[in-house]
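The values are calculated or read from the model by the stated rules, or taken from the named source; none is laboratory data. These numbers come from a predicted model, not from an experiment. Note that each Cβ is placed from the backbone with ideal geometry, even for glycine, and that neighbours are counted across all protein chains shown. Quick note on the areas: whole protein, heavy atoms, side chains included, nothing else; ligands and nucleic acids left out. Shrake-Rupley method; radii C 1.70, N 1.55, O 1.52, S 1.80 Å.
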Amino acid sequence: MSGKRLVRMTVNGSPVEEAVEPRLLLSDFLRQVLGLTGTHVGCEHGVCGACTVRVDGSTARACLMFAVQAEGCRIVTVEGLGPAEALSPLQEAFREHHGLQCGFCTPGMLMTALDLIEKYPLASDAEIREGLSGNLCRCTGYEHIVAAVRAAAQRRREPSS
Amino acid sequence: MTEPVETLAARPKSVGARVRRTEDPRLLAGQGRYVDDLAPPRLLHVAFRRSDMSHARIRGLDLEAARGAPGVVAVVAAADLEGLAKPLVAASRMASYHGTPLRPLAEGKVRFVGEPVVAVAAESRYLAEDALELVDIDFEPLGTVIDPEAAAAGDAPLLHEEIGTNVLVERRFRRGEPEAAFAAAAHRVGGSFRFRRKSPGAIENRACLAEWDAGRGALTLHSASGIPGIVRDALSEALDLPGHRLRVVAPDVGGSFGGKGSLYPEEILVSLLARRLGRPIKWTSDRLEDLTATSQAFDEIVEAEMALDAEGRVLALRAEVLGDTGAYSIYPWTAGLEPVQVVGFLPGPYRIEHYEAHVRAVATSKAPTGPYRGVGRPAAVFATERLMDLAARKLGLDPKEIRLRNFVRPEDFPYKIGSGIVWDRSGFTECLEAACARAGYPALREKQRQARAEGRWFGIGLASYAELTGIGSKISVAPGMPINTGTETAVVRIDSTGGITAAVGIASHGQGLETTLAQVVADELGARLEDIRIVQGDSDAVPNATGTYASRGAVLAGGAAILASRVVREKLLRAAGHLLEAAEADLEARDGRVTVAGTDRSMSFREIARAVYSEIGRIPHDKREELEATRLYDPYYGTTSSATHVATLEIDPETYRVTLGAYLVAEDCGRIINPMIVDGQVHGGVAQGVGAALYEEVVYDADGQNLTASLVDYLIPSAPEVPPMTVLHVEGELPATLGGFRGMGEGGTIGAPAAIANALSDALAPLGIGIDELPATPERLFRLIERAQQRQDNQSTGEER
């Protein structure tokens, strides 16, 4: 297909400029063009949430956006949270509470959880579960994910504890 | 100076500790390497044109337009692959069995919607899919074969004409005198239990990438598979390549649950094309392909009847089972895998002297069924546990009491059930007692009395089960399958830098085996956990492997790792004896150092390894030996895991939505390597059982179209649908397996559907409703309740007259 268009955005703080086909999904752009394979693709129809990223501070399904729609946007992917040798507190909470098994839903789960702990009081487990309901995990039964988010939210509220 | 040497048992153990997982940092940072993340230079992408017909003859194919499409490198159909691969057929020792060939692309006809017919290789997946639109297939519809009972009848259209029947397997089991027992019984209960078809639903779709090295004449296949060893051996046969020129790697794999536990046409296809085109080629399934062409699960009709004496002791059980196994006999497990094991596990953890069962696996024009978490046991436990509750109700006994009266008792082990499976000592009674104690069972019953008084539908469900895990070479994990699945090999090595590598043939896809096996090796070697690297999922790592399935990883790979580690430890101590000038009996290995007991003389593993391999004159020249060992472990029989689940729930009278209350599992999995990981496995299994019981169903219409081919239509439970869970570990007598481990990866899914079915039946008991079909969707519940209420209305109208 011809007719590539130039798209500019910042991804994890770095400016990016690429010529892409208008039909290229944002998820494929991140994975295949930029090589940021941490963002996973599980359904390509917006249900599983594995491809969840941040677009200008809000969570979005990278499989439901074209790359060209992210023109001028600030994108944050799982690679922007923290590297393996220096995990962020949220990532650490997932490790401590065994909030992941196969790890495939994890990047999307982390991006959603980050949004939850930053924006909502998360006063109850029911609220955490509702907040996670757009991200499917097939391994954990959610119990340990809920525990991880609860702990991360707690730590954010009371950093010294 | 002989100080008492500290024994292994007295040392602090890694096994049993809540160790954080080694694999987590990379997965949390987005640094995992799943198959679709791999992109070697000159990579081609393949997309499949799949059948949109249920059962049809391929009259003609027009591939010319697709071949001329932009970016297309090759377009192939079955005829283009002739002679490139030997067809594979899943074999069985069962006399009544009929195998079906596994081909990379449909040949002559198609047998289910989603079967691959044409493959397009192009410079990108986008371009490959563009070209698919240009493929023209002329189908001549043949009769659909959808209903399993109709498919088994003599006049049904045949899916495989050369076989002459759609019945691929038929078996009978019999022990004792069931007719006499039924004739003499004080009570009988029975039912027809239908467990509908489901999809494994791993969040990572299947994917495979083949690379041909022309210089070596060697193929490397990266596949999102749980059985890289079996795939290697099968491809070796199909492609006529020896193992040293054929490597199959399962890198990070995003869940399987059985869906990645069979050999697939796509794995053969990319291997053939990579060899032919001389370029790496990758296929990544989308969700539509996953829901239509990945192996599916269950789909059985279990007609079962139980005979009991006046005290509620089960005398006999008989069953007629029909399994709808879809279009092909899955490789390598066969069509017998699921339905024959339903019959195998029906007697459950109970003493039942007389048993009779007849099972048939019938082919229909749907996606093949294959292994799925629990295999046969979820449907068996659903039927048997419903029967136990029906019997309890009939006899006026509490569901807990009737189970206690019938469990195989501690003094009865080992106990052979009617199908021939032998239970070794397992905590059947202990799990039930522990579950009921923690759940506050009497208080729950009181809560229910109050709820009923208010007219609410609140139910409590128990389910107890036993499963055979860590199966050795005595039997095959798939009934009748001739492939040995009863051994695993481990290679443990300390290299010249002191690095410890343990390679095993199993393949982790979320189970955390890189962590748990390192815990096992650390204890046996006296090494530090962080010094150990586990290599798994790579057919080059060990001479023979199969993979991870059938709750075998900890038992078999753990056992092999223990044996190999013990040999390496002996070699290490022999070397240290020379270096430290001490008797081996006075040496102890701990935290990565060998110390002369009672002294401060010690050497690190690293210093010893360097002395052994790299330093001149440190070890007598004829005493130098490699710090490495390969050992094979075969538990021979296998071992029994067991559990009791307690579910509570309430049905909304307006929407028929089911809300589950706190869920409890008490289980006996022998010695626990890592309690955090065990809990996680149980939680995940229960969540899949919740899906199976209430939400998940693959639906085919009368034309064989799959109506649930997206995650909008195929409902996987999300966090609010899954209840909070508590897991109790009943530490009973350890099994005879090396390490004392039992398998526990599947149990959650085995118990939960039955517990939820019993809880629903308990909630609706005032209406006389028993659940005999799963999933119990709101629509099914609505119909059951509506019918029951009409029945009650009619009765009361009748009484008034």
Subset of region B:718-731 [open to solvent by less than 40 Å² (accessible area, probe 1.4 Å) and more than 8 Å from chain A (Cβ to nearest Cβ)]: B:Pro723, B:Val727, B:Leu728, B:Val730
Can B:Ser236 be described as without any contact (Cβ under 8 Å) to a residue 24 or more places away in the chain, assigned to a helix (DSSP H, G or I), among the hydroxyl-bearing types (Ser, Thr, Tyr) and more than 27 Å from B:Glu23 (Cβ to Cβ)? yes
Here the residues within region B:678-697 that are among the β-branched types (Val, Ile, Thr) and surrounded by fewer than 24 Cβ atoms within 10 Å (Cβ to Cβ) are B:Val678
Being more than 13 Å from the chain's Cα centre (by Cα) and either under 29 Å from B:Val35 (Cα atoms) or open to solvent by 40 Å² or more (accessible area, probe 1.4 Å) (or both): is that true of A:Gln91 here? no
Given the criteria in a helix (DSSP H, G or I) and touching a helix residue (DSSP H, G or I) at 6+ places or on another chain (Cβ under 7 Å), does B:Pro332 qualify? no
Within region B:400-424, track down each residue that is farther than 20 Å from B:Ala319 by Cα and either in a loop (DSSP other than H, G, I, E, B) or not assigned by TED's automatic domain parsing to the domain that holds B:Leu462 (or both). B:Val408, B:Arg409, B:Phe413, B:Pro414, B:Asp424
From the list B:Leu88, B:Leu105, B:Leu127, which residue is open to solvent by less than 50 Å² (accessible area, probe 1.4 Å) and within 30 Å of B:Ile475 (Cα to Cα)? B:Leu88
The listed residue being of a type outside the set (Lys, Arg) and closer than 19 Å to B:Val340 by Cα, out of B:Gly455, B:Gly480, B:Gly461: B:Gly480
Scanning for something outside any helix (DSSP H, G or I), open to solvent by 20 Å² or more (accessible area, probe 1.4 Å) and away from every other protein chain (no Cβ under 14 Å), does region B:659-669 turn up at least one residue? no
Inspect region B:239-259 for any residue being under 26 Å from B:Arg49 (Cβ atoms) and aromatic (Phe, Trp, Tyr) and give the result as yes or no. no
Of the conditions (1) in contact with a strand residue (DSSP E or B) (Cβ under 8 Å, 6 or more places away or on another chain); (2) surrounded by fewer than 23 Cβ atoms within 10 Å (Cβ to Cβ); (3) assigned to a helix (DSSP H, G or I), the single one that A:Ala19 does not satisfy is (3)
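Residues checked against (1) in contact with a strand residue (DSSP E or B) (Cβ under 7 Å, 6 or more places away or on another chain); (2) assigned by TED's automatic domain parsing to the domain that holds A:Lys119; (3) farther than 24 Å from A:Cys139 by Cβ:
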site	(1), (2), (3)
A:Thr37	no, no, no
A:Gly42	no, no, no
A:Ala50	no, no, no
A:Val55	yes, no, yes
A:Cys63	yes, no, no
A:Phe66	yes, no, yes
A:His98	no, yes, no
Inspect region B:744-759 for any residue being open to solvent by less than 60 Å² (accessible area, probe 1.4 Å), of a type in the set (D, E, K, R) and modelled with pLDDT under 95 and give the result as yes or no. yes
Failed criterion for A:Leu6 (all others in (1) open to solvent by 30 Å² or more (accessible area, probe 1.4 Å); (2) within 9 Å of another protein chain (Cβ to nearest Cβ) hold): (2)
Take B:Asp398 and tell me if it is among the charged types (D, E, K, R), at pLDDT 95 or above, surrounded by 18 or more Cβ atoms within 10 Å (Cβ to Cβ) and farther than 30 Å from B:Gly480 by Cα. no
Taking B:Glu654, is it in contact (Cβ under 8 Å) with a residue 12 or more places away in the chain, among the acidic types (Asp, Glu) and more than 14 Å from every other protein chain (Cβ to nearest Cβ)? no
Do we find a residue being aliphatic (A, V, I, L, M), farther than 25 Å from B:Trp333 by Cα, in contact with a Lys or Arg (Cβ under 9 Å, 6 or more places away or on another chain) and away from every other protein chain (no Cβ under 14 Å) anywhere in region B:163-178? no
Can you name every residue in region A:139-161 that is closer than 26 Å to B:Ser256 by Cα, in contact (Cβ under 8 Å) with a residue 12 or more places away in the chain and more than 17 Å from the chain's Cα centre (by Cα)? A:Cys139, A:Thr140, A:His144, A:Ala147
When every residue in region A:59-87 that is among the polar types (S, T, N, Q) and more than 9 Å from chain B (Cβ to nearest Cβ) is compared, the one nearest to A:Tyr120 (Cα to Cα) is A:Thr59
The conditions are (1) surrounded by fewer than 18 Cβ atoms within 10 Å (Cβ to Cβ); (2) more than 39 Å from the chain's Cα centre (by Cα); (3) of a type in the set (Val, Ile, Thr), and B:Ile619 fails exactly one of them. Which is it? (1)
Return yes or no: is B:Val520 modelled with pLDDT of 95 or more and on the phi < 0 side of the Ramachandran plot? yes
Any chance region A:57-66 includes a residue that's in contact with a Gly (Cβ under 6 Å, 6 or more places away or on another chain), under 18 Å from A:Ala151 (Cα atoms) and without any contact (Cβ under 8 Å) to a residue 60 or more places away in the chain? no
In region B:84-115, what residues are in contact (Cβ under 8 Å) with a residue 40 or more places away in the chain and among the aliphatic types (A, V, I, L, M)? B:Leu84, B:Ala85, B:Leu88, B:Val89, B:Ala90, B:Ala91, B:Met94, B:Leu102, B:Leu105, B:Ala106, B:Val110, B:Val113
Those residues that are over 26 Å from B:Ser426 (Cα atoms) and either at the interface with chain A (Cβ under 8 Å from one of its Cβ atoms) or part of a loop (DSSP other than H, G, I, E, B) (or both), I need them from region B:670-708; list them, please. B:Glu696, B:Glu697, B:Val698, B:Val699, B:Asp701, B:Ala702, B:Asp703, B:Gly704, B:Gln705, B:Leu707, B:Thr708
Among the numbered criteria (1) open to solvent by 10 Å² or more (accessible area, probe 1.4 Å); (2) more than 7 Å from chain B (Cβ to nearest Cβ), which single criterion is violated by A:Gly108? (1)
I'd like to check something: does region B:588-600 contain any residue that is touching a strand residue (DSSP E or B) at 6+ places or on another chain (Cβ under 7 Å), crowded, with 18+ Cβ neighbours inside 10 Å, at pLDDT 95 or above and on the phi > 0 side of the Ramachandran plot? yes
Given the condition surrounded by fewer than 13 Cβ atoms within 10 Å (Cβ to Cβ), out of contact with any Cys (no Cβ under 8 Å at 6 or more places or on another chain), part of a strand (DSSP E or B) and among the basic types (Lys, Arg), answer yes or no: does some residue in region A:40-61 qualify? no
